[in-house]
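Okay, structure first, notes after.
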Amino acid sequence: MSPHGACSHTDKCNSFHNCGRACGTNQGNGSFTRGNNYRMTQAQAVMLTQQFDKLVKETAICRANADYRTAMDDIIVAIRKVQAHSAAFAKAGR
């Protein structure tokens, strides 16, 4: 117990993690404080873990597509500049 009979920060954190239930020196009736339930079952964890491989592959594809698109945009800008210069040159009658 911390000085002056207050709850320790660790106990408060544990209560918050445990859906607001009492823990250690942080006591009360039922779920007396705010907390969240960020838990998952083992089956959910296994399914989520398997999705990481898919995420890595899809992210690599998205990055490759973005790099390709950026390169194509640069080429398109260069072509448009040449076309504009050619059109201006032709309009001038040269």
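Fewest first, what order do C19, C62 take by the number of other Cβ atoms within 10 Å? The partial results should precede the final answer.
Details: C19 14, C62 10.
Least crowded to most crowded, the residues run C62, C19.
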- Message: So if each residue of separation counts as 0.36 nm, and I subtract the Cα-Cα distance between T25 and A60, what length gain in nm does that give?
- Response: 7.8 nm
- Message: Need the list of aspartates and glutamates near K81 for cross-linking: C-alpha distance under 15 angstrom, and skip anything on the same chain fewer than eight residues off.
- Response: D73
- Scalar couplings 3J(HN,Hα) for the range 55-71 by Karplus 6.51 cos²θ - 1.76 cosθ + 1.60 (θ = phi - 60°), nearest whole Hz, x for Gly and Pro, are 4, 4, 5, 5, 5, 4, 5, 4, 5, 4, 5, 5, 4, 4, 5, 4, 5
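So between K91 and D74, what do we pick up on full extension, going 0.36 nm a residue minus the alpha carbon distance?
Numbers: separation 17, 0.36 × 17 = 6.12 nm, distance 2.58 nm.
Taking 0.36 nm per residue and subtracting the Cα distance, the gain is 3.5 nm.
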- Among the trypsin sites (Lys or Arg not before Pro) within the range 44-77, which fall in a DSSP loop and have no more than 12 other Cβ atoms within 10 Å of their own Cβ? none
- If we count other beta carbons within 10 Å of each Cβ, what is the order of H9, H17, fewest first? H9, H17
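We did not get these values from a lab; they are worked out from the coordinates using the rules stated. All values reported here derive from a predicted model rather than from experimental measurement. Here the Cβ is made from the backbone with ideal geometry for all residues, glycine too, and neighbour counts use every protein chain on show.
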